[in-house]
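A.B. asks: Attaching a single structure in structure tokens format; questions to follow.
All of the numbers you see were taken from the coordinates with simple rules; none came from a lab. Because the structure is a prediction, the values reported are computed rather than measured. Here Cβ is always computed from backbone atoms with ideal geometry, including for glycine, and neighbour counts include all displayed protein chains.
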Amino acid sequence: MNSRRSFVRRSLAGIVSLSAAPWLKASNPQRPVYPLVVSTWQNKAANQAAIETLQQGGRALDAVEQGVRVVEADPKDRSVGYGGRPDRDGKVTLDASIMDEHGNCGSVCFLQNIMHPVSVARKVMEETPHVMLAGQGAEAFALAQGFESKDLLTKASEREWKAWKKNANYEPTINIENHDTIGMLAIDTFGNLSGACTTSGLAYKFSGRVGDSPIIGSGLYVDNEAGAAVATGLGEAVVKTCGSFLVVELMRQGWSPTAACREAIKRIVSKQPGHKKFQVGFLALNTAGQVGAYSLQNGFMYTRHLQDKSDIQPSKYFL
Ligand code: SD4
């Protein structure tokens with residue numbers, strides 16, 4: 001399908017748009033840049049917190065952490081942090097990751113009783129020689145770092161879980177029960193990229209299940225010389241294709257963010273026969289500040305915040 005000619009055309013288009021953009025590439029710190037934040041689904045308050053961090057001179061890394069913390073603390077968001085839907089045993093178990101412009105990264109998975117897994121992930125990155133901590137080890141580390149222990153199961157989530165248990169039928173509704181994981185990408189005024197991703201994972205999953213969000217290269221990937229990507233939707237499908245890494249590598253080859261996300265979706269379609277029954281969405285940002293998204297099914301969207309303007313953009317989709 002991808003003839004050499006169309007590849008060359010795409011590459012040239014990428015080069016032209018990179019050089020025409022007013023955005024700074026990290027290698028050229030003299031040129032002016034404008035802070036930009038994008039996140040999966042509808043997250044204006046989270047993007048606002050992130051953009052304010054950037055406007056105060058913060059790093060993209062600080063911005064994505066501060067941004068996604070807003071959603072982690074929001075009990076109304078049923079797919080992230082406090083108030084997230086529990087696993088089938090009624091336990092809220094969280095996955096999160098963070099990655100900076102140097103390729104440093106940290107993550108936690110199957111973490112319980114801690115409201116801000118993204119900040120624990122950052123501590124893993126900055127305070128340990130490791131990339132990922134899991135389960136009780138991650139929780140003990142968080143407590144030792146001064147995080148408070150909190151029961152994350154809200155009354156509303158508990159009620160829903162009890163209703164689900166009556167039939168215990170595991171067929172998550174596309175765009176509903178696995179919706180709202182926040183993945184956020186940012187460029188700061190130094191022209192550097194960072195990203196974060198945080199979720200309570202699939203509602204009513206098996207105890208111990210870990211999704212794509214804490215797996216570097218699947219739910220999140222950042223390369224300051226190529227771009228950054230995050231994923232949302234059925235994590236198993238994303239893990240099988242190393243989705244975010246694939247999107248970033250395609251952008252490195254000159255594909256636009258949208259084309260790169262579409263190609264990663266096409267990979268899932270061609271390899272995974274069950275794809276009509278689930279949703280996956282990718283969101284990507286290149287070093288020129290271009291944003292793109294693509295999803296398997298209708299219904300995915302992203303929130304973009306550029307300087308003082310915020311808007312919600314529908315993603316293009318495959319099916
Ligand atoms: C997961 N990818 O754990 C996450 C769920 C998600 O929007 O993205 N929901 O599989």
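A.B. asks: For the range 151-160, in order, what is each residue's ³J(HN,Hα) by Karplus, 6.51 cos²θ - 1.76 cosθ + 1.60 with θ = phi - 60°, in whole Hz (x at glycine and Pro)?
C.D. replies: Per residue, the Karplus-derived 3J(HN,Hα) values read 6, 9, 7, 7, 4, 4, 5, 5, 4, 4 Hz.
A.B. asks: Dipole of the chain (Lys/Arg Cβ +1, Asp/Glu Cβ -1, origin at the Cα centre): which of ALA237, GLN112, ASN192 lies farthest to the positive side?
C.D. replies: ALA237
A.B. asks: For the chain, find the longest principal axis of its Cα atoms and tell me its angle to the long axis of helix 44-55, 0 to 90°, nearest 10.
C.D. replies: 50 degrees
A.B. asks: Also, quick follow-up: Within a 10 angstrom radius of the beta carbon, how do HIS116, HIS130 rank from fewest other beta carbons to most?
C.D. replies: Result, fewest neighbours first: HIS130, HIS116.
A.B. asks: For the chain, give the magnitude of the charge dipole about the Cα centre (Cβ charges: +1 Lys/Arg, -1 Asp/Glu; no others), in debye to the nearest 20.
C.D. replies: So the magnitude is around 1300 debye.
A.B. asks: Can you tell me the 0 to 90 degree angle between the C-alpha axis of helix 60-72 and the longest principal axis of the chain, rounded to 10?
C.D. replies: The answer is roughly 30 degrees.
A.B. asks: Would you please give the residues with an amide H less than 5 Å from that of TYR204, counting only those at least 5 places away or on a separate chain, with H modeled from the backbone geometry?
C.D. replies: Sorted by chain and number, the residues that satisfy this are ASP87, ARG88.
A.B. asks: Counting each DSSP H run of 4 or more residues in the chain as -39500 (n - 2.57), what helix-only mean residue ellipticity at 222 nm follows after dividing by all residues, to the nearest 500 deg cm²/dmol?
C.D. replies: Using -39500 (n - 2.57) per qualifying helix, the result is -10500 deg cm²/dmol.
A.B. asks: What percent of all Cα-Cα pairs in the range 251-291 falls in each 10 Å bin, counting up from 0?
C.D. replies: In whole percents, the pair-distance histogram is 28, 46, 22, 4.
A.B. asks: Among the listed pairs LYS276/LYS309; LYS277/LYS309; LYS76/LYS266; LYS205/LYS240, which have their C-alpha atoms separated by more than 25 angstrom in this model?
C.D. replies: Beyond 25 Å: LYS276/LYS309; LYS277/LYS309; LYS76/LYS266.
A.B. asks: In degrees between 0 and 90, to the nearest 10, how far off the longest principal axis of the chain does helix 117-127 point, with axes built from Cα atoms?
C.D. replies: Compared with the principal axis, the helix lies near 70 degrees.
A.B. asks: In addition: Where the centre of each part is set by its Cα atoms, how far does the range 179-256 sit from the range 114-136, in angstrom?
C.D. replies: 17 Å
A.B. asks: Ok, one more. Rounded to the nearest Å, what's the spacing between the alpha carbon centres of the range 284-319 and the range 84-98? Just the number, please.
C.D. replies: Spelled out, the Cα-based centre of one part sits 26 Å from the other.
A.B. asks: One quarter of the convex hull surface, Cα atoms only: what value does that give for the chain in nm²?
C.D. replies: 15.5 nm²
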